[in-house]
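Report on one structure; see the data block that follows.
The values are calculated or read from the model by the stated rules, or taken from the named source; none is laboratory data. Computed from a predicted model, the values in this text were never measured in an experiment. With ideal geometry, Cβ positions are generated from the backbone for all residues, glycine too; neighbour counts draw on all protein chains shown.
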Amino acid sequence: MSGMTTDIELVNKDGIRIDGRTAEEMRPLRIEAGVLNNADGSAYLEWGKNKVLCAVYGPRECHPRHMQNPTKAIVQCKYNMLSFSVSDRKRPGPDRRSIEISKIISEALEYVIFTENYPRASIDVYIEVLQANAGTRCAGLTAASVALADAGIPMKDLVPAVAIGKADGHIVLDLNKEEDNFGNADLPIAMIPRTGEVLLMQMDGHMTMEEFNTALEYGKKACEKVYEIQKDALKRKYSIQSEDTEEPEPTADEDHNEEGDE
Ligand code: UDP
């Protein structure tokens, strides 16, 4: 959210946004768990035009050793946007924004992981944004908790996240790039639906108290939806695997006998 003024009409008189969505409509979200063989856990996510890949390594011995915590594991997230992920080439390597996003995602994940189970260890979470269209921190965090679960790392719960914002004075769910750039406010949140605990909340721009409450209400409902999609990704991964490892169907005795008789 840059607060830039523009002539673009973000929400029309019927309350429809430039990508055809209503105020409380989320972009389509698809998550696949366990997409990388070399990582301990992984996830691939597409959320509208966002495409995000996440790999988890660990728990493994933390290096350099002076970063080890003798009482618990540390969670180190590296959020990175690839240079071709946006229309204006992104300069490769870390910058202020990616360092900030890595920090807030690490902190949100640290809250749910049972880090005390793994003293002196590091849990490394790599988030690569292949294509960006606003909401990538939420997309990254959503993918990361699925990848952590895929890695078998004990956690209190999955962490669904979504951004709510304000465009043309309307509270809108799951901002797209134009709404993020030219809107009035951006409020990314992560919330555990089961407990209502908020693990991430940032605010760029301005909202009245009433608008903020509406935004939270939209965000809460959206996090519930995202949570179901996260669970579904894990169920699909592991139900397919268990089918694969099932014993092959025994051939019918009759068939066998017939063959033997021939
Ligand atoms: N963006 C960009 N170039 C950059 C950083 C961001 O074009 O160097 C775009 C990208 O589409 C991103 C959006 O701006 O998703 C909004 O960025 P923001 O910092 O609000 O984080 P996000 O909404 O992705 O969590």
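For this structure, a couple of remarks:
- Complete set of residues in segment 114-156 that are over 15 Å from the mean Cα position of the chain (by Cα) and crowded, with 24+ Cβ neighbours inside 10 Å: 123, 153
- Count of residues meeting criterion [without any contact (Cβ under 8 Å) to a residue 60 or more places away in the chain and assigned to a loop (DSSP other than H, G, I, E, B)] in segment 157-168: 2
- Answer from 87, 102, 106 - the residue that is hydroxyl-bearing (Ser, Thr, Tyr), within 16 Å of the ligand (Cβ to nearest atom) and surrounded by fewer than 18 Cβ atoms within 10 Å (Cβ to Cβ): 87
- Verdict on residue 122 being more than 11 Å from the ligand (Cβ to nearest atom) and within 22 Å of residue 198 (Cβ to Cβ): no
- The C-beta contact set for segment 109-124 (first residue closer than 21 Å to residue 137 by Cβ, second residue among the small types (Gly, Ala, Ser) and assigned to a strand (DSSP E or B), distance under 9 angstrom, 6+ apart or interchain) comprises 123/58; 124/55; 124/58.
- Residue that is nearest to the chain's Cα centre (by Cα) [pool: residues in segment 182-212 that are without any contact (Cβ under 8 Å) to a residue 60 or more places away in the chain and farther than 21 Å from residue 227 by Cβ]: 203
- Matching entry among 159, 198 (being closer than 15 Å to residue 219 by Cβ and surrounded by fewer than 24 Cβ atoms within 10 Å (Cβ to Cβ)): 198
- Residue check for residue 52: part of a strand (DSSP E or B), away from the ligand (no atom under 16 Å from the Cβ), within 28 Å of residue 113 (Cα to Cα) and within 19 Å of the chain's Cα centre (by Cα): no
- Hey, residue 129 of a type in the set (Val, Ile, Thr), over 19 Å from residue 81 (Cβ atoms) and either within 16 Å of the ligand (Cβ to nearest atom) or touching a Cys at 6+ places or on another chain (Cβ under 8 Å) (or both) or not: no
- Some residue of segment 113-123 being in contact with a strand residue (DSSP E or B) (Cβ under 8 Å, 6 or more places away or on another chain) and on the phi > 0 side of the Ramachandran plot: yes
- Within the option set 84, 114, being of a type in the set (Phe, Trp, Tyr) and closer than 24 Å to residue 188 by Cβ holds for one residue only, 84.
- Residue 89 being within 22 Å of the chain's Cα centre (by Cα), of a type in the set (D, E, K, R) and not in a strand (DSSP E or B): no
- Residue within segment 60-83 that is free of Cβ contacts under 8 Å to residues at least 12 places away in the same chain and either in contact with a Phe, Trp or Tyr (Cβ under 8 Å, 6 or more places away or on another chain) or within 15 Å of the ligand (Cβ to nearest atom) (or both) present: yes
- Pairing each residue of segment 90-102 that is farther than 18 Å from residue 143 by Cβ and hydrophobic (A, V, I, L, M, F, W, C) with any residue that is within 10 Å of the ligand (Cβ to nearest atom) and at pLDDT 95 or above, provided the two are 6+ apart or on different chains, yields C-beta distances under 9 Å for 99/79.
- Qualifying residue in segment 32-43 (condition: closer than 18 Å to residue 161 by Cα, at pLDDT 95 or above, part of a strand (DSSP E or B) and of a type in the set (Ser, Thr, Tyr)): yes
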